[in-house]
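First the structure, in the form of structure tokens, and then the observations on it.
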Amino acid sequence: MLTDTTLTTTDSVDPAGDNPQADPRPHLAGNSANRPANGPANGPTVARTEAATKVYGAGETKVTALDAVSVAIPAGEFTAIMGPSGSGKSTLMHCLAGLDTLTSGRVFLDDVELSSLSDRKLTKLRRDRIGFVFQAFNLLPTLTALENITLPMDLAGRKPDQAWLDQVVRVVGLGTRLGHRPSELSGGQQQRVAVARALASKPAVIFADEPTGNLDRNSGIEVLKFLRSAVDDLGQSIVMVTHDPYAASYADATLTLSDGRIISHERAVA
Ligand SMILES: Nc1ncnc2c1ncn2[C@@H]1O[C@H](COP(=O)(O)OP(=O)(O)O)[C@@H](O)[C@H]1O
Ligand SMILES: [Mg+2]
């Protein structure tokens with residue numbers, strides 16, 4: 001992986017990369033003013049669970065990964081899911097995203113109950129309505145950054161909304177590096193490409209599992225700023241699993257899990 005120290009000066013539009021030391025977190029200034037300091041927002045939700053329970057195994061090896069979790073994820077916000085290792089963060093995210101099924105309880109995405117869908121419809125909903133970002137960037141090494149961003153839509157035979165794609169490409173701030181392959185990009189830039197890829201199909205919600213887990217601090221900040229601007233500038237809804245309180249500080253609200261239960265749901269306050 002190349003570490004190119006000239007990146008921030010050569011990228012003409014680079015909201016995610018400028019001065020990574022600064023921590024403006026603009027959402028704390030105005031965005032949260034008319035909301036309660038604690039608890040979920042009262043506005044529309046993009047996803048929710050009702051008494052979501054997930055049990056793995058049986059008998060002595062039985063693990064209750066989720067224990068009757070009821071939670072609403074607000075639309076147009078950045079929600080962080082925190083908690084110690086093994087507390088159920090990934091399980092909750094996978095169940096919200098239709099990648100895993102519940103033992104009991106219900107999950108709704110866009111007000112559609114996921115367990116009511118056939119496999120085919122669930123696959124289509126995941127493809128059309130959900131974006132994913134993982135700790136490993138999962139970019140294809142032989143494709144350019146821009147080709148990686150449009151690949152899922154190309155594979156699905158969907159024409160991207162060009163105005164939206166132009167906006168995503170502007171906000172990702174890679175400038176001329178859009179024509180570069182992943183090996184020619186820094187870790188932070190590669191993860192920004194992965195976020196832009198998730199944004200390209202204009203999903204209802206993006207789920208990111210430890211998206212900064214493989215990055216050094218400054219690259220992590222670069223990605224967090226991009227996630228933040230996807231919410232503030234593009235209206236995207238984002239759910240991010242992290243065990244890093246600093247990463248969670250970029251979110252509008254933080255859900256904390258412990259032993260498969262939500263122990264707090266706090267809104268960021270200025
Ligand atoms: N496929 C699985 N089979 C058995 N146990 C699992 C499986 N996936 C997760 N678990 C268990 O469920 C609990 C929650 O796991 P997970 O959601 O991965 O936690 P986190 O992401 O917070 O680290 C843990 O005790 C874990 O060992
Ligand atoms: Mg996990």
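Which three extents, in angstrom, do the Cα atoms of region 60-140 have along their principal axes, listed largest first?
The Cα atoms of region 60-140 stretch 38, 31, 27 Å along their principal axes.
Would you please give the FRET efficiency between residue 176 and residue 55, computed as 1/(1 + (r/R0)^6) with r the Cβ-Cβ distance and R0 = 41 Å, to the nearest 0.05?
0.20
Suppose each label sits 7 Å from its Cα in the direction of the beta carbon; what would the residue 99-residue 163 distance come out to in nanometres?
My value for the distance between the label points is 3.3 nm.
Quick check on packing: order 157-164, 111-118 by the mean number of other C-beta atoms within 10 Å, highest mean leading.
Peptide ranking by packing, descending: 111-118, 157-164.
If packing is taken as the average number of other Cβ atoms within 10 Å across a peptide's residues, how do 198-207, 131-140 rank, most packed first?
Descending packing order for the listed peptides: 198-207, 131-140.
Report, to two decimal places, the Cα Rg of region 186-235 normalised by 2.2 N^0.38 Å (N = number of residues).
The value comes to 1.07.
Please compute the Cα-Cα pair-distance distribution of region 135-270 with 5 Å bins starting at 0, giving whole percents from short to long.
Here the calculated profile for region 135-270 is 2, 10, 20, 22, 20, 13, 7, 5, 2, 0.
Readers should treat all values here as calculations from the given coordinates under stated rules, not as data from a laboratory. Remember, it's a predicted structure, so these values are computed and weren't measured experimentally. As a convention, Cβ positions derive from the backbone with ideal geometry for all residues, glycine included, and neighbour counts pool all protein chains shown.
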